Amino acid sequence: MAKASEVKSGNILRFNGELVSVEEYIHRTPGNLRAFYQARMRNVKTGKLVEYRFRVDESVEIARVETNDYQYLYEDGEFFVVMDNNSYEQFNIPKFLFGDSARFLKEGMTVIIAFESDEPIMAEAPKSVELEITYTEPAVKGDTSTNALKKATVETGVEIMVPLFINQGEKVRVDTQTGNYIERVK
């Protein structure tokens, strides 16, 4: 157990039996009242935002979280199988931890996983990925003057919007958070 004064933004706490990530942690001393810490925390599992005031001497439990890079191997039902690059140990990570970025995962990619006592609590795909266009309508000469977009299917099976000059077989960089086209890769 630690004192509330030892907590920093970015820490993972066990708060009311749930794991929460501290997003903002401010020390306040209002006028003639006692000092306190104002915390804004996000539940790791549900994503729900929680605000709480800690007394300066209040005890809190800081969770021991290990974050590491892993290699994504394959999909197995409701799980993604990842491998530790150092020990070659494999882990099953629930798909929902990746959120919307899970649809852009490709075998061999490096992902970031956070474990708290052998249980995966957070998973993060790369910010952007390079994917090959497997199907799109052919480009027509003269279509590059406008910023119009067309549908294209990438190698993971996801349909994204790309500029008209992108052709089938080309590689593009895609933002995994939004699913937006970023640029063409040479």
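The values are calculated or read from the model by the stated rules, or taken from the named source; none is laboratory data. This one's a predicted model, so the numbers in the text were calculated from it and none came from an experiment. Cβ placement follows ideal geometry from the backbone for every residue including glycine, while neighbour counts extend to all protein chains displayed.
Results, tabulated for the structure shown:
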quantity: Odd one out for Ile133, checked against (1) assigned to a loop (DSSP other than H, G, I, E, B); (2) modelled with pLDDT of 90 or more; calculated: (1)
quantity: Test: residue in segment 94-101 that is surrounded by 14 or more Cβ atoms within 10 Å (Cβ to Cβ), among the small types (Gly, Ala, Ser) and under 24 Å from Ser128 (Cβ atoms); calculated: yes
quantity: Tally, over segment 1-41, of residues that are surrounded by fewer than 17 Cβ atoms within 10 Å (Cβ to Cβ) and in contact (Cβ under 8 Å) with a residue 40 or more places away in the chain; calculated: 6
quantity: Residue match in segment 156-174 (condition: under 21 Å from Lys45 (Cα atoms), charged (D, E, K, R) and touching a strand residue (DSSP E or B) at 6+ places or on another chain (Cβ under 9 Å)); calculated: no
quantity: Val154 vs. criteria free of Cβ contacts under 8 Å to residues at least 60 places away in the same chain and under 20 Å from the mean Cα position of the chain (by Cα); calculated: no
quantity: Any hit, segment 46-68, residues being closer than 21 Å to Val129 by Cβ, surrounded by 14 or more Cβ atoms within 10 Å (Cβ to Cβ), in contact (Cβ under 8 Å) with a residue 24 or more places away in the chain and hydrophobic (A, V, I, L, M, F, W, C); calculated: no
quantity: Answer from Thr178, Thr156 - the residue that is surrounded by 14 or more Cβ atoms within 10 Å (Cβ to Cβ) and of a type in the set (S, T, N, Q); calculated: Thr156
quantity: Looking only at segment 70-88, and only at residues there that are of a type outside the set (A, V, I, L, M, F, W, C) and under 15 Å from Lys106 (Cα atoms), the one that is farthest from the chain's Cα centre (by Cα); calculated: Asp76
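This table checks each residue for (1) modelled with pLDDT of 90 or more; (2) charged (D, E, K, R); (3) closer than 30 Å to Val158 by Cβ.
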residue	(1), (2), (3)
Val50	yes, no, no
Ser59	yes, no, no
Ile62	yes, no, no
Glu78	yes, yes, yes
Phe96	no, no, yes
Met109	yes, no, yes
